[in-house]
Amino acid sequence: MKRKKIIAGNWKLNMNQAQTRDFLKEVSGKLSADDLNAIEAIVCPPFTSIAAAGETIKEANLKIAVGAQNLSQHQSGAYTGEINAEMLKELGISSVLVGHSERRETFAEDDSVIKAKLNTGLEAGLNVILCCGESEATREVGDTDKWVAGQIASALEGLSLTDFASRVTIAYEPIWAIGTGKVCDSAEANRVCAMIRSKLAEILDQASADATRILYGGSVKSSNVDEIIAQSDIDGALVGGASIKVEEFPALVASAARESAKAVA
Ligand code: PGA
């Protein structure tokens, strides 16, 4: 099954508007249009830099989509500090991250909040990158599969979507590998991604599971991306730290494009 590769940059709390413009202008000279056409490249800046990212990408004529890192599960009302899906759509974004471990842990978003955010994003017409992943303690006691499958089942419960695979992407991000430099062994990451795919087949159906992109995230950089992205059940990467480095982001895109070309050959 040929699935278009994705390189998604999660900029986290980095890059103000000026830095966003400078970064995208700089990388535009290093990105090949053919590579960008062969894959799906996405950048997720902080809310206040989304418009600057969209404008700079347009000016530089780059095929990079802009996503958001978060959205409110509410539509409007007394929710101080929140931003809703329609406001994000107004900025021209295509997708939104939901369930990132930093949101789950630092901002105490539990499964019910994540499910509500997933549904709100999808109902508004946004694509969602749904993140999941286990802590080191969960891995050590051998509960990785149970934990990750549980996160997926809980988020997707009751969801009925005919075009699931084109709207939802899963990102498997073991928490102990995020921002630590400790990348998960590629064969192990692939095993968990294959497990997620079989869980999707159980919840949805085999065709949807086969067509859904499953990304790996956690300390991905240009020196390890080739091996990760070559795995049978890994369809790209969700990248934090390396995605805001001028030399790294184009290298990640090029790696995914090379892997796509192999899959066609
Ligand atoms: P990292 O972050 O690439 O810096 O480990 C990944 C993520 O949090 O999505």
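The values are calculated or read from the model by the stated rules, or taken from the named source; none is laboratory data. Not measured: the values here are computed from a predicted model. Cβ placement follows ideal geometry from the backbone for every residue including glycine, while neighbour counts extend to all protein chains displayed.
Out of Ser219, Ser223, which single residue is part of a loop (DSSP other than H, G, I, E, B), on the phi > 0 side of the Ramachandran plot and within 16 Å of the ligand (Cβ to nearest atom)?
Ser219
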Quiz item: Considering only residues of segment 129-151 that are assigned to a loop (DSSP other than H, G, I, E, B) and not β-branched (Val, Ile, Thr), which is farthest from the ligand (Cβ to nearest atom)?
Solution: Gly142
Quiz item: Where residues in segment 234-265 are out of contact with any strand residue (DSSP E or B) (no Cβ under 6 Å at 6 or more places or on another chain) and outside any helix (DSSP H, G or I), which of them is surrounded by the fewest Cβ atoms within 10 Å (Cβ to Cβ)?
Solution: Ala265
Quiz item: Of all residues in segment 163-181, which are closer than 19 Å to Ala230 by Cα and of a type outside the set (A, V, I, L, M, F, W, C)?
Solution: Thr169, Tyr172, Glu173, Pro174
Practice problem: Read through the list (1) under 17 Å from Leu215 (Cα atoms); (2) away from the ligand (no atom under 14 Å from the Cβ), then give the number of the only condition that Leu97 fails. | Solution: (2)
Exercise. Mind counting the residues in segment 152-190 that are assigned to a helix (DSSP H, G or I) and in contact with a helix residue (DSSP H, G or I) (Cβ under 7 Å, 6 or more places away or on another chain)?
Key: 12
Exercise. Working only within segment 5-42, note down all residues that are within 13 Å of the ligand (Cβ to nearest atom), assigned to a loop (DSSP other than H, G, I, E, B) and touching a helix residue (DSSP H, G or I) at 6+ places or on another chain (Cβ under 6 Å).
Key: Trp11, Asn14
Exercise. Just give me the residues in segment 57-111 being assigned to a helix (DSSP H, G or I) and either in contact with a strand residue (DSSP E or B) (Cβ under 7 Å, 6 or more places away or on another chain) or in contact (Cβ under 8 Å) with a residue 40 or more places away in the chain (or both), in sequence order.
Key: Ile57, Ala85, Leu88, Ser101, Glu102, Glu105, Asp111
Practice problem: Under 6 Å between Cβ atoms, at least 6 apart or on separate chains: pull out the pairs that start in segment 152-180 with a residue that is in contact (Cβ under 8 Å) with a residue 40 or more places away in the chain and end on any residue that is in a helix (DSSP H, G or I) and within 13 Å of the ligand (Cβ to nearest atom). | Solution: Ile175/Ser101
Exercise. Given the conditions (1) in contact with a Lys or Arg (Cβ under 8 Å, 6 or more places away or on another chain); (2) within 17 Å of Val192 (Cα to Cα), report the number of the one that Val128 does not fulfil.
Key: (2)
Exercise. For residues that are buried (at least 22 other Cβ atoms within 10 Å of the Cβ), within 8 Å of the ligand (Cβ to nearest atom) and not hydrophobic (A, V, I, L, M, F, W, C), tally how many sit in segment 169-183.
Key: 1
Exercise. Answer yes or no: is there a residue in segment 196-210 that is in contact with an Asp or Glu (Cβ under 8 Å, 6 or more places away or on another chain), within 15 Å of the ligand (Cβ to nearest atom) and either modelled with pLDDT of 95 or more or not in a helix (DSSP H, G or I) (or both).
Key: no
Exercise. Filter segment 73-101 down to the residues that are within 24 Å of Ile152 (Cα to Cα) and out of contact with any helix residue (DSSP H, G or I) (no Cβ under 9 Å at 6 or more places or on another chain), then identify the one that is surrounded by the most Cβ atoms within 10 Å (Cβ to Cβ).
Key: His100
Self-check item: Subset of segment 123-141 [farther than 16 Å from Ala177 by Cα and either in contact with a strand residue (DSSP E or B) (Cβ under 6 Å, 6 or more places away or on another chain) or charged (D, E, K, R) (or both)]
Solution: Glu123, Leu126, Asn127, Val128, Ile129, Leu130
